[in-house]
Every structure is written in structure tokens, then in C-alpha cells.
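Peer 1: Got a structure here, written out as C-alpha cells. Questions coming.
The values are calculated or read from the model by the stated rules, or taken from the named source; none is laboratory data. Note that this is a predicted model, so its numbers are computed, not measured. Every residue, glycine among them, receives a Cβ derived from its backbone with ideal geometry; neighbour counts consider all protein chains shown. Surface accessibility is based on the protein's heavy atoms, side chains included, excluding ligands, DNA and RNA. Shrake-Rupley method; radii C 1.70, N 1.55, O 1.52, S 1.80 Å.
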Amino acid sequence: MRRLVLAPRWLQILVIVVLVVGIFFRFVNLNGKVYSHNEIYTSLRIAGYTDAQVKQQLFNGRVISKETFAKFLYLNPQKGFNDTIKTLVEDAPQYPPMYYLIARFWVQIFGNSVTAVRSLSAIISLFVFPGIYWLCRELFKVPLSLPGIAIALIAISPIHLIYAQEGQAYILWIVSILLSSAALLRALRLESPRQIEESRVYNWGIYTVTLAFSLYTFLLSGFVAVAHGTYVIATTKFFRNQTARAYLLSSGIAFLLFTPWFIVVLANLFRFQSSSQLSNSLSPITLILSWLIQVNRIFFDLNFNLNNPFTYLFTLIFLAITGYAIYFIWRTTHEKTSLFIISLIAVPVLPLLLPAFIFGGISSIEQAYLIPSCLGIQISTAYLFSVQLYNGHLLRRQIWQIILVLLISMGVISFTVSSQTETWWSKFVSYGNPQVAKIINQSSRSLLISDDFENNYGNLFSLSYLVEPQVRFQLVKDKNIPKIPQSVSNVFLFNPSPSLRKRIENKYKLKTQIVYKDKYSSLWKLIRVRR
């Protein structure tokens, strides 16, 4: 690989064009897709409102408008950064505060519109490119060819576009993983018996800061740190080596800096109620299958569901490419390089799989938790192309050039389709909200009744962005029955609990008819019973 100094002219131009296209699409139609329930939680945390405060004022049986929801998403002069941290401590301690504090500062300057919140993620996503360049340089010492291909693959990756346009912490986590990984490799590379102490402190200090930053961005960074530790243990004479001692001290300080929030996590260990997790249980086989399909979405994503046969066809194709890429990097690179990449792919995933095999099932987990593995796969694929584009006879090189162009073209197609739609698989429980809102908006003098069943709390906020101003909401909790005003003409029930639906039917002598249903939610309409 050290002989691969410069990329050919056509490849340099291709990388630049793809980078420009990728950056362009990251800022296109930022407010076009539904503001999902996970993003709603982001806005609530930024504004400093706890779930208890909001539910007390919303789920009380009063008839309210969409503007009532909006006031909880605006910054309140009486609430500051401390309130943002307080809401995380009380309602979501599994989410460290780094992203939310940055987002609050951003919102104070640019406002709390959907475009403003998502534009922060789009801007953060630009730091992924120097991050992946730095990491590839530390891994392979290649000036342009491999880092350039890695930048192109990430620039046009559908999964990166999703996180670049989501008002959540995932894109910041990607940046922190790249920076901490590159900082570790740099510190290891510069280690030598002749190194002066000030330089050693500076080099390892960078790793300490980036690792601590990553931990305060996303809790699963701890698994990335385990992957780093696995790599250091396997490549140094642990406990008998100055490099190993420097690593232990550096990572130890990073975890020490994270201790305040780790105490918060431990104190709330038994009451985690993640706003982003779903309640349905998946078998280990189903879970692994859904994760394997995620490999397809790294390169090509047209929002196919699991029932579409093309999903499995493209998954098999990309599994073959990525599997070969991992095998190729293991066979042709230095063992330290391949070990680092394989550790980044495998180690963070294993702790997530253990509950599935120990308990026989697991609640479905956000696909974003596979981000470290996705990055490792993309680096492996970039290495595969950087070698195959140079080596072998002319026909073989041309075949790999065609494959690379096809891969980039599929990314561009994915970006184009995604930019024109209102919803995407990544919206999860909010996926069907545009269709729900369309049905409600077609009716006059509509009233939407719901309770805090399952994911309704955040999803009702999401729906409030889509309905017309004349639509009214009536929210209840526990066993309360709403008092329906006589002035309304059409009454809908949004994902009601079975008990609420039955109580309304019995009290008003009406029948509920389902008018929309998807995997996550349902919409019912009250109709009179014909006698």
C-alpha cells in the first residue's frame, strides 16, 4: 500500500464531484421529511421541559390546538442549560448531554425551526470528511487514493445522509468515533523511547479529550473504547510496555472525566425508558437479519421494507462485497491494521447481541447503534477499491472502476429519491404520520383523541407539525374518558389504548372504524351505529 502515492486524475475528479454532490444533498429539503418523535424529544430536551411537566399540561382532557404543542418546543427565557441537563437526568439519562448542550446553543442563535435543528446535524456532518481522511492516513499512510475513496463512499452513503438530516446526536457520535480512533493511532505511532515527555503528554492528551468527548456524546462509545483497548492489548506487550501504560493512563482519565454522568446512569439503571426504543421483542435471528439488511443501506437505500424481495437481493450483493472487503484487508494488510478495523466492526456489536442469546429475545434496537461497524465496513471497502483500481491487468482494473462508478451512482439515486419524500424508514413510529395527517386534514371540524399509550406522547407532537391549524386535539390519561364537544363533525382516535377505545364506544354508543394502520400506530374514526 505504501507504493500507492497518488490517485489517477479521473479518480481525483470523481472524488471531488462526489464530495460536492454529497454536501449539496445534506442541505437539500431539510424540513421536507416528518419531524419524528425521536427528534421531538431532542427539541423537548433543548427547551428544558421534563416529560412530567408536559404531560400534566397536555393530557388533561382539554381541547387544544397544534399551537399548544409548539410552546413546549420553543426556548423559555426562564429555562437555561441547567434545565436541559435536568431533563436528561430525569427522563433520559442514557443520553449524555454533549449534543443537547451544543444544540441548545445553536437554537438560541438560529431558532427552533425544523430546518434550524437539522441544519446543525448537516454542518456537523461536514467534519466527518476530515475525520475519515485523518483515520485512513493513520491506518494506511496513503496520501490520497484510499482516503479519497473513503471520503467519496461516505459522501454518497445513504446512511450518512439520514444522520446528517436528523435532529439527533448520531452524526456527532460518528465524528467523535473517527477523531478518537485517529487520535489513538497517532499517539501509538509517535510513541518511542526517545520521545520527550511533553510530546507524549500532548499526543495522549488529544486521545483523552476526544474519547471523553465521545463518551459525553453517546453512551455506547464505551464499546468503541473497548475496541480500542482490544487493539492495544493485542498489539503491545501489555503491562510491561510504556505505550500500554500511557494508553491506560489516557483512557483512564477519559473515563474519570465521564464519571459524573456515569453515576447518573447507574442511579437510573433500572428505570431506563428510552424514548427511541420500540416495545416489540425480536428473536436473535430476526435481530441479526435486520442488522444484515443495514449493510445494504450503507450503499443503497430506496426505502424498501423487509417484505420487498429486492431488499434481500441487494443485501446479498452488498454482503458479498463487504465480506470480501473484510477478508481482503485481513489477508493483504499488516495485522495491526486489519485488527483495528475488525475490532471496530465486531467489538461494539457483541455486547448488543448478548442479551438476545442469553434471554432469547431483545427489544428492537436503533440501527444507529451499528454506526462503528458501518464505519469499519466503509473503510474496508475503500481499501478494497484503492488496491483493485491499481493492481492486476487492465480488464480487471476496468471492472473495478465500473463497480465503483455503479456504487456511487446507486448512492446518488438513493439521495435523489430520499430528498423528494415526506417519510423514510428511519422515522420509525412516525413513519405513517404524513398519511395520518392527510386523512385528518381532509375532514372538516376534526377532533383527534388520544392518550399516552406506547409512543403516543412524542408522536402526537410529530403529528401536530402536519395537521391543519383548525384540527383540535383532546388528550387523556389513565382511565379518563374525554368529553367530546358537540361542535365537532369528525372524531378520530390516534393509536388509542384498547381500553380507551372501548370506554369511548360504550359511553357514546358509537363504533370505531379503523381508517389507517401500520406497524407502529393506527387511526380510528368514530361512526354512528346503524340500527
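Peer 1: Quick one: in the range 210-247, of everything that is in contact (Cβ under 8 Å) with a residue 24 or more places away in the chain and open to solvent by 40 Å² or more (accessible area, probe 1.4 Å), which residue is farthest from residue 200 (Cα to Cα)?
Peer 2: 219
Peer 1: A further question follows. For residue 516, indicate whether it is part of a loop (DSSP other than H, G, I, E, B) and buried (at least 17 other Cβ atoms within 10 Å of the Cβ).
Peer 2: For residue 516, the condition - part of a loop (DSSP other than H, G, I, E, B) and buried (at least 17 other Cβ atoms within 10 Å of the Cβ) - is not met.
Peer 1: Taking the range 398-442, which residues are small (Gly, Ala, Ser) and buried (at least 18 other Cβ atoms within 10 Å of the Cβ)?
Peer 2: 411, 414, 418, 426, 430, 432, 437
Peer 1: Can I ask one more? Starting from residues that are among the hydroxyl-bearing types (Ser, Thr, Tyr) and touching a Ser or Thr at 6+ places or on another chain (Cβ under 8 Å), keep the ones in the range 443-456 and report whichever is surrounded by the most Cβ atoms within 10 Å (Cβ to Cβ).
Peer 2: Filtering first and then ranking leaves 446.
Peer 1: Do you know which residues across the range 500-516 are among the β-branched types (Val, Ile, Thr) and within 19 Å of residue 476 (Cβ to Cβ)?
Peer 2: 504, 512
Peer 1: How many of the residues making up the range 112-123 are crowded, with 22+ Cβ neighbours inside 10 Å and touching a helix residue (DSSP H, G or I) at 6+ places or on another chain (Cβ under 6 Å)?
Peer 2: Qualifying residue count, the range 112-123: 1.
Peer 1: May I pose another question? Is it the case that the range 403-416 has a residue that's in a loop (DSSP other than H, G, I, E, B) and of a type in the set (Ser, Thr, Tyr)?
Peer 2: no
Peer 1: Could I ask something else about it? Identify all residues within the range 291-311 that are without any contact (Cβ under 8 Å) to a residue 40 or more places away in the chain, part of a loop (DSSP other than H, G, I, E, B) and not hydrophobic (A, V, I, L, M, F, W, C); write none if there are none.
Peer 2: Passing the criteria: 307, 308.
Peer 1: Also, quick follow-up: What about residue 462, is it in contact (Cβ under 8 Å) with a residue 60 or more places away in the chain, part of a helix (DSSP H, G or I), closer than 24 Å to residue 429 by Cα and not charged (D, E, K, R)?
Peer 2: Taking the combined requirement at face value, the residue satisfies it.
Peer 1: If you scan the range 478-513, which residues turn out to be among the aromatic types (Phe, Trp, Tyr) and either part of a strand (DSSP E or B) or on the phi > 0 side of the Ramachandran plot (or both)?
Peer 2: The answer is 492, 494.
Peer 1: Further question: Only one of (1) open to solvent by less than 10 Å² (accessible area, probe 1.4 Å); (2) on the phi > 0 side of the Ramachandran plot is not met by residue 475, so which one is it?
Peer 2: Failed condition: (2).
Peer 1: Please state which of the following conditions residue 372 fails to meet, knowing it meets all the rest: (1) more than 21 Å from the chain's Cα centre (by Cα); (2) modelled with pLDDT of 80 or more.
Peer 2: (1)
Peer 1: Among the residues of the range 215-233, how many are part of a helix (DSSP H, G or I) and among the hydroxyl-bearing types (Ser, Thr, Tyr)?
Peer 2: Number satisfying all stated conditions: 3.
Peer 1: Which residues, taken from the range 490-504, are more than 15 Å from residue 455 (Cβ to Cβ) and either among the polar types (S, T, N, Q) or without any contact (Cβ under 8 Å) to a residue 12 or more places away in the chain (or both)?
Peer 2: Scanning the range 490-504 gives 490, 498, 499, 502.
Peer 1: Open to solvent by 10 Å² or more (accessible area, probe 1.4 Å), modelled with pLDDT of 75 or more, under 26 Å from residue 430 (Cβ atoms) and touching a Phe, Trp or Tyr at 6+ places or on another chain (Cβ under 7 Å) - does that describe any residue in the range 306-313?
Peer 2: yes
Peer 1: Mind checking which helices (runs of 4 or more DSSP H) fall wholly inside the range 37-111 and carry at least 3 residues that are crowded, with 16+ Cβ neighbours inside 10 Å and of a type in the set (Val, Ile, Thr)?
Peer 2: Passing ranges, in order: 37-47, 81-91.
Peer 1: Right, next: Is there a residue being hydroxyl-bearing (Ser, Thr, Tyr) and open to solvent by less than 30 Å² (accessible area, probe 1.4 Å) anywhere in the range 177-198?
Peer 2: Yes, the conditions are met somewhere in the range 177-198.
Peer 1: Would you be able to tell me the number of residues in the range 317-350 that are open to solvent by 80 Å² or more (accessible area, probe 1.4 Å) and under 22 Å from residue 180 (Cα atoms)?
Peer 2: 4
Peer 1: For residue 259, indicate whether it is polar (S, T, N, Q), buried (at least 17 other Cβ atoms within 10 Å of the Cβ) and either out of contact with any Lys or Arg (no Cβ under 6 Å at 6 or more places or on another chain) or more than 30 Å from residue 111 (Cβ to Cβ) (or both).
Peer 2: no
Peer 1: For the range 457-470, how many residues are under 17 Å from residue 525 (Cα atoms) and surrounded by fewer than 23 Cβ atoms within 10 Å (Cβ to Cβ)?
Peer 2: The qualifying residues number 1.
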